[in-house]
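**Q** Mind having a look at this structure? Questions to follow.
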Amino acid sequence: MMNHLGKYITASGVKPIVTYQHIYKTTYLYGSYSPINGDSFVWEINGVSTNIFQAYLREFSTHNPKEYKIVVIDNAGFHSTKNIEVPQNIVLLRIPPYNPELNPCEQVWQYIKNRFKNQRFESMKSLKQWLSEMVCEMKPETIKSITGNHHFLKAFNTAFNN
């Protein structure tokens, strides 16, 4: 719930006034976004762990179950694939360290964070409501424009259109 301060435009020499709160409470979004059709699947949950990640993958596999899913993961500790069952319709694609631009989800998280700046929420409930509305209101065209990494799209088109 801590504010993330962004830039404001003001007259020269005028300091902007921004309400600020410093309360440390967290919630997490697990999400998968398609750069191909703009589809999304998002969970809001209070934690990160390998068990939660595995539960997310299980649930995600039931979303359009006949669809083959490629989930891009980074080197976060909870993305450990040791001792977890990955559903048959999902393959995990690990990206190199320190390359968040290769992960479509990171682009969406940045999009959300940019709209989160300078906002103040009275409660965790109001923050969660804001996040839910933000995620639900994202149209497929918006998702495709945010996640449409030309490297992934070229590889996909080469692999599946031949």
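The values are calculated or read from the model by the stated rules, or taken from the named source; none is laboratory data. No experiment lies behind these values; they were computed from the predicted model shown. Cβ coordinates were reconstructed from backbone atoms using ideal geometry, including for glycine residues, and neighbour counts include every protein chain displayed. For the accessible areas, the whole protein counts, side chains as well, though only heavy atoms, and no ligand, DNA or RNA atoms are used. Shrake-Rupley method; radii C 1.70, N 1.55, O 1.52, S 1.80 Å.
**Q** Angle check, please: helix 104-116 long axis (alpha carbons) against the longest principal axis of the chain (alpha carbons), in degrees 0 to 90, nearest 10.
**A** It is inclined by approximately 20 degrees.
**Q** For the range 114-157, which GluC sites (Glu not before Pro) are both in a DSSP coil and crowded by at most 16 other Cβ atoms within 10 Å? Show your work: numbers first, answer last.
**A** Details: sites: GLU122, GLU133, GLU137, GLU141; in loops: GLU122.
Those that pass, being in a loop and sparsely packed, are GLU122.
**Q** Once every DSSP H run of n ≥ 4 in the chain is given -39500 (n - 2.57) and the sum is divided by its residues, what mean residue ellipticity at 222 nm do you get, rounded to the nearest 500 deg cm²/dmol?
**A** Computed ellipticity for the chain at 222 nm equals -11500 deg cm²/dmol.
**Q** Can you list the lysines whose alpha carbon is less than 27 Å from that of LYS25, not counting same-chain residues fewer than 8 positions off?
**A** List returned: LYS7, LYS113, LYS117, LYS125, LYS128.
**Q** If you line up the long axis of helix 124-137 against the longest principal axis of the chain, both from Cα atoms, how many degrees apart are they, to the nearest 10?
**A** The helix 124-137 is inclined about 50 degrees to the chain.
**Q** Moving on to the next point. Quick one: work out the % antiparallel among DSSP beta bridges in the chain, nearest 5. Walk me through the intermediate numbers first.
**A** Working: 6 of 11 bridges.
If I count the DSSP bridges inside the chain, around 55 percent turn out antiparallel.
**Q** Tell me the carbon and sulfur percent of the accessible area for the chain, rounded to whole percent, probe radius 1.4 Å.
**A** In the chain, the share of accessible area belonging to carbon and sulfur is 54 percent.
**Q** Just the accessible area per residue of the range 97-162, please: how many Å² with a 1.4 Å probe?
**A** On a per-residue basis, the range 97-162 sits at 68 Å².
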